[in-house]
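One structure below.
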Amino acid sequence: MTKAGTGTTVAADTPAPAVRLPRRSGIELALIVVAVLLSVYGYCAVGLARTGAVPPGAVGYGAGLGVLALLAHLAVRLRAPYADPLLLPIGVLLNGLGLVLIYRLDLETPGDRAAPAQLVWSALGITLFAYVVAALRDHRVLQRYAYVCVAAALALLTLPILFPAVNGARIWIRFAGFSIQPGEFAKVLLAVFFAAYLAANRNALAYAGRRIWKLQLPTGRVLGPVVAIWLVSVGVLILERDLGTSLLFFGLFVVMLYVATGRTGWIAVGLLLATLGAVAVGRTEPHVAARIQDWLHPFASIEAGQGPNQLAQSLFAFAAGGVLGTGLGLGHSTLIGFATKSDFILATAGEELGLAGLSAIFLLYGLLVERGYRAGLALREPFGRLLAVGLASIVALQVFVIAGGVTGLIPLTGMAMPFLAQGGSSVVTNWAIVALLIRVSHSAREQYDGRVAP
Amino acid sequence: MTRHIRYAAAFCVLLLAALLVNAARIQLFQAGALDDSPANRRQDIARYGQPRGDILVGGRPVTGSKDTGEYLRYERVYKQGPLYAPVTGFSSQRYGTTFLEHAEDGTLSGTDPVLSPFSLWNDFTRARNPGGDVVTTLNPAAQQAAFRGLGNRKGAVAAIEPATGRILALVSTPSYDPGMLSGNGPAVARSWLGLNEDPNKPMLNRAVRQTYPPGSTFKVVTAAAALDAGVITSLDKRTRSPDRYTLPGTTTTLHNATKGCADASLRLAFVKSCNTVFAKLGVDVGVTDMTATAQAFGFNDTELRIPYSVAPSTFDTSVDRAQLALSSIGQYNTRATPLQMAMVSAAVANGGQVREPYLVERTTTDRGATISTTGARPLRRAMHPSTAMRLRELMRNVVEGGTGTHAMIPGATIGGKTGTAQHGVDNSGTPYAWFVSWAQGDRDLEPKVAVAVVVEDASAHRRDISGGSVAAPIARAVMQAVLRS
């Protein structure tokens, strides 16, 4: 924590003490090599455990991931040399690990191979990453496109309503054999919009308007549009029964509003609204009520003689992993059945890598989030700060919602574990998030190198 | 703004910390309970993930494992399943295990820590030991002779080596193929239902898990008690017993199936199987000595394991004199498993000493290295050696010129005792045909085998049923098989 008690609100706005930050591109390269090697090692470990031989595709797989990672690294080195050297390697490692886990689960489901498609999506994601890093000279450009972003986000969110529901949720659009989850892209666009809007109106938000008890309300003219957009997003998601994403949007909005205004009251309001919303949805939606019952009594279906449900199976998988795990390829997380490769991918990690591996994965996410926040702290202008905070919070909240769900900490909502889970839209989106964080961190760290940003 | 970004960051750290703590809670503290949940299939998957060890008879496995390629990968298969079912029991993915499959499960499934040379290392690597083998004491020829002898009649055979207690044959009919219960599918469920609903109870192990009134075969015990207690001092001295014995304290009279039982000597009464003589003898010996002798033979023993549990054979200790009279001729509450009656016969053959029977010679690792052997089981004196000598003579007489001539084998000394046990309400059931015997080849130093045979509902007409004609030939076939091998 900063020694914030001494400062006023204005003083708190000055960035952390400046130090001269080296480029550290060599470190990034070294870490990327480690990440690629770890992924290839995991791939070989699965093959050795299952068939006693290194899988024939190991070289091609390693080379593919390596070339993509190098491409990304080159883009960073050339166009964002001051960027945080940890962000890209973490993305590569998580993405590589996800591919290993999906490949490993593919072995159990010969009729449904997901790893090759995931590799294609990863390549797409990394290409997009390289493109964003190279093409987006300055992240502040995005501020200009705030309203384009929000329009696109709302369009993407409403699009799936036109498509048939898949497994009870209307969150996919399908064409030409591909299925895309537009809500994934929408969250980045919405984060950009929130950051731009809140940065532009933060003084008005903080100081104007009526006061209710301890909460200083902004004027409706300022708060109105952003609340409306947020309500529409969450409303649409509830209609589509995508509760995980609506929870994510809610949390994202509250966090960004809190950071922008500095009003703790927003958190109280957010929690209150979240509780009210949860109770209302839990009462009216049988689908959600069932999820909450499962969370409260994960073993009820066993006692009722119907066998373990998905959550119970997931808990069994984590328990089977213990501290050190069963080893890659040697667990039985496929007992979970439906959505093993997507929503429940963490259970496979928990079973086969154990608490040790799981802690490592959580720490990687933690590091990614922390680096995002750090970039936000180092920047001087509010848009960049809010954007970094928003993007990092998306990762943190999403990890919490899905990991908390599959480990029984909170009710289960369908969401994709960033980078790990099967899902093209998710991988591409996460690479976009990392690309933006790279850009922001480059701007943040560049200003201390004697060359102050314009 | 900086301060609030830091607070928000702290909030994210809190979320991740909550995830870590929760993961640790599940993976460290709740793991044991979750692993042991009956709904968690992982233990079953591990258990059936490797071939099960085998049960060996005469050096050859009578079991095997079939790779199904399914989740529960290896399924049990049985060679000559019905023949060995009362020994092996079944190992079913759905219905668990019974008999040797159950009692030796640790060895067969590889979980027995004795199988693992470095158990700590195995805990670390989560490796499982290959299942070990169980070598039985059975004599395959005797087992087959008994099975063939019973044919499609309901009944059981138990054969023991008197000097050691090794079980040489253990057969129960009608039998079933335990392989029908091995897997997990609907066919297995159908088999299970069918076997349980079958009125002939094919899964009942009649040799060790079913008790029958032993009828006249129990007279061996009564005679031993009378001789040991000194109630009878000479085999050929007349016993003062009537031809129709009124049970003490009642008006019920007891008859004999044969003539010439009045005042018969013990020898004559034994050979003719006179009910009145032995009923009165039991009363004369008294409940204390009768009980002591019966228990020395193994009655009322609830602890016997071979290594699976054996139904206790019973001799009622709280009886009045009339009940004692009936108990002494193997009726009233006297009940015995075929194995128990084989033990009675073995005690006579073994000079009055009875050894606890056992079925497992040794267990080995999958490579054949012995990990345990069944040492000498407890030795118990059932009667005086001199009493045993006299009983051997009496049992020989039964085979040589009495009710048991069907058991005669040229070139061997055979002792036997027939029995026809009444049962049912007012003795309305078809009587059980019993035969207990032992055999010693002329060149053998000691008796090689003791057998008990029971046939529940011999298809012959009720009056023709007797241990001598129905059960004795089966015993002879078993004894012959052992003497030849």
Query raised in the report: In the set B:Ala325, B:Ala382, B:Ala336, B:Ala376, which member is touching a residue at least 60 places away in the same chain (Cβ under 8 Å), closer than 17 Å to B:Ala163 by Cα and crowded, with 24+ Cβ neighbours inside 10 Å?
Result: B:Ala382
Report summary line: If you go through A:Tyr61, A:Tyr82, the only one that is aromatic (Phe, Trp, Tyr) and open to solvent by 10 Å² or more (accessible area, probe 1.4 Å) is A:Tyr61
Query - helices (runs of 4 or more DSSP H) wholly inside region B:29-142 that include at least 1 residues being without any contact (Cβ under 8 Å) to a residue 60 or more places away in the chain and within 14 Å of another protein chain (Cβ to nearest Cβ) - result: B:31-36, B:42-47, B:119-125
Requested in this report: Just give me the residues in region A:423-446 being touching a Gly at 6+ places or on another chain (Cβ under 9 Å) and not in a helix (DSSP H, G or I), in sequence order.
Outcome: none
Report summary line: Quick count over region A:288-317, residues being open to solvent by 50 Å² or more (accessible area, probe 1.4 Å), within 11 Å of chain B (Cβ to nearest Cβ) and part of a helix (DSSP H, G or I), is 1
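Given the criteria under 19 Å from A:Ala435 (Cα atoms), open to solvent by 10 Å² or more (accessible area, probe 1.4 Å) and without any contact (Cβ under 8 Å) to a residue 12 or more places away in the chain, does A:Gly52 qualify?
Numbers: under 19 Å from A:Ala435 (Cα atoms): no; open to solvent by 10 Å² or more (accessible area, probe 1.4 Å): yes; without any contact (Cβ under 8 Å) to a residue 12 or more places away in the chain: yes.
The answer is no for A:Gly52.
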Query raised in the report: If we keep just the residues of region A:356-375 that are more than 10 Å from chain B (Cβ to nearest Cβ) and free of Cβ contacts under 8 Å to residues at least 60 places away in the same chain, which is least open to solvent (accessible area, probe 1.4 Å)?
Result: A:Gly357
**Report entry** Of residues in region A:211-249 being open to solvent by 30 Å² or more (accessible area, probe 1.4 Å), part of a helix (DSSP H, G or I) and under 22 Å from A:Gly404 (Cβ atoms), the one modelled with the highest pLDDT
**Finding:** A:Leu247
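For region A:408-422, indicate whether the set of residues that are outside any helix (DSSP H, G or I), facing another protein chain (nearest Cβ under 8 Å), touching a helix residue (DSSP H, G or I) at 6+ places or on another chain (Cβ under 9 Å) and surrounded by fewer than 24 Cβ atoms within 10 Å (Cβ to Cβ) is non-empty.
Filtering region A:408-422 for residues outside any helix (DSSP H, G or I) gives A:408-422.
Going one step further and asking which of them are facing another protein chain (nearest Cβ under 8 Å), we end up with A:408-409.
Still in the running and touching a helix residue (DSSP H, G or I) at 6+ places or on another chain (Cβ under 9 Å): A:408-409.
With surrounded by fewer than 24 Cβ atoms within 10 Å (Cβ to Cβ) added as a condition, the list becomes A:408-409.
Scanning region A:408-422 turns up at least one residue that is outside any helix (DSSP H, G or I), facing another protein chain (nearest Cβ under 8 Å), touching a helix residue (DSSP H, G or I) at 6+ places or on another chain (Cβ under 9 Å) and surrounded by fewer than 24 Cβ atoms within 10 Å (Cβ to Cβ).
Determine whether region B:259-271 contains at least one residue that is open to solvent by 20 Å² or more (accessible area, probe 1.4 Å) and in contact with a Lys or Arg (Cβ under 6 Å, 6 or more places away or on another chain). Walk me through it before giving the result.
Residues of region B:259-271 open to solvent by 20 Å² or more (accessible area, probe 1.4 Å): B:259-260, B:262-263, B:267-268, B:271.
Subsequent filtering for residues that are in contact with a Lys or Arg (Cβ under 6 Å, 6 or more places away or on another chain) retains B:263.
For region B:259-271, residues open to solvent by 20 Å² or more (accessible area, probe 1.4 Å) and in contact with a Lys or Arg (Cβ under 6 Å, 6 or more places away or on another chain): present.
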Report task. Would you please name the residue that is farthest from the other protein chains (Cβ to nearest Cβ), looking only at residues in region A:232-265 that are closer than 17 Å to A:Gly414 by Cα and of a type in the set (A, V, I, L, M)? Result -> A:Leu239
Query raised in the report: Does region A:341-355 hold any residues that are open to solvent by less than 10 Å² (accessible area, probe 1.4 Å) and either free of Cβ contacts under 8 Å to residues at least 40 places away in the same chain or more than 8 Å from chain B (Cβ to nearest Cβ) (or both), and which are they?
Result: A:Phe344, A:Ile345, A:Leu346, A:Ala347, A:Thr348, A:Ala349, A:Glu351, A:Glu352, A:Gly354
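Are there strands (runs of 3 or more DSSP E) fully within region B:351-429 with at least 1 residues that are more than 30 Å from B:Ser116 (Cβ to Cβ) and of a type outside the set (Lys, Arg)? List them. Break it down into steps so the answer makes sense when it comes.
Numbers: elements: B:353-355, B:360-364, B:370-373, B:379-381, B:412-421.
Correct list: B:353-355, B:379-381, B:412-421.
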Requested in this report: Would you point out the residue of region B:1-17, among those that are in a helix (DSSP H, G or I), within 7 Å of chain A (Cβ to nearest Cβ) and more than 18 Å from A:Ile394 (Cβ to Cβ), that is least open to solvent (accessible area, probe 1.4 Å)?
Outcome: B:Thr2
Requested in this report: Just give me the residues in region A:127-184 being among the aromatic types (Phe, Trp, Tyr), at pLDDT 85 or above and not in a helix (DSSP H, G or I), in sequence order.
Outcome: A:Tyr145
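Residues are listed down the side, and each one gets a yes or a no for (1) open to solvent by 10 Å² or more (accessible area, probe 1.4 Å); (2) farther than 19 Å from B:Ala226 by Cα; (3) free of Cβ contacts under 8 Å to residues at least 60 places away in the same chain:
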{"site": "B:Glu356", "(1), (2), (3)": "yes, yes, no"}
{"site": "B:Ser372", "(1), (2), (3)": "yes, yes, no"}
{"site": "B:Met395", "(1), (2), (3)": "no, no, no"}
{"site": "B:Ala407", "(1), (2), (3)": "no, yes, no"}
Report task. Looking for whichever is surrounded by fewer than 22 Cβ atoms within 10 Å (Cβ to Cβ), among the hydroxyl-bearing types (Ser, Thr, Tyr) and in contact with a helix residue (DSSP H, G or I) (Cβ under 7 Å, 6 or more places away or on another chain) here; the options are B:Tyr95, B:Tyr78. Which one fits? Result -> B:Tyr95
Query raised in the report: Just wondering, is there one or more residues in region B:448-459 that are open to solvent by less than 10 Å² (accessible area, probe 1.4 Å), part of a helix (DSSP H, G or I) and at pLDDT 90 or above?
Result: no
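Hey, among B:Arg381, B:Arg390, B:Arg377, which residue is basic (Lys, Arg) and over 30 Å from B:Val231 (Cα atoms)?
On the way: B:Arg381 fails: over 30 Å from B:Val231 (Cα atoms); B:Arg390 fails: over 30 Å from B:Val231 (Cα atoms).
Just a single option satisfies the conditions, and that option is B:Arg377.
Do you know which residues across region A:352-407 are assigned to a helix (DSSP H, G or I) and of a type in the set (D, E, K, R)?
Restricting attention to region A:352-407, the residues satisfying the condition of being assigned to a helix (DSSP H, G or I) are A:352-378, A:382-406.
Answer for region A:352-407, where residues must be assigned to a helix (DSSP H, G or I) and of a type in the set (D, E, K, R): A:Glu352, A:Glu370, A:Arg371, A:Arg374, A:Arg385.
For region B:98-147, give me each residue that is among the polar types (S, T, N, Q) and surrounded by fewer than 21 Cβ atoms within 10 Å (Cβ to Cβ). First the steps, then the outcome.
Quick first cut of region B:98-147, residues among the polar types (S, T, N, Q) only: B:98, B:107, B:109, B:111, B:116, B:119, B:122, B:125, B:129, B:136-137, B:139, B:143-144.
Passing the criteria: B:Thr111, B:Ser116, B:Ser119, B:Asn122, B:Thr125, B:Gln144.
I'm trying to understand the selection: among the residues of region A:318-340, which are within 11 Å of another protein chain (Cβ to nearest Cβ) and over 21 Å from B:Ser37 (Cα atoms)? Working first, answer last.
Let us first name the residues in region A:318-340 that are within 11 Å of another protein chain (Cβ to nearest Cβ), namely A:318-327, A:330-335.
A:Gly327, the sole residue that qualifies.
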Query raised in the report: A:Glu446 is checked against (1) at pLDDT 90 or above; (2) open to solvent by 10 Å² or more (accessible area, probe 1.4 Å) and fails just one. What number does that condition carry?
Result: (1)
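The values are calculated or read from the model by the stated rules, or taken from the named source; none is laboratory data. All values reported here derive from a predicted model rather than from experimental measurement. Cβ: placed from backbone, ideal geometry, glycine included. Neighbour counts: every protein chain shown. Accessible surface areas use protein heavy atoms only, side chains included; no ligands, DNA or RNA. Shrake-Rupley method; radii C 1.70, N 1.55, O 1.52, S 1.80 Å.
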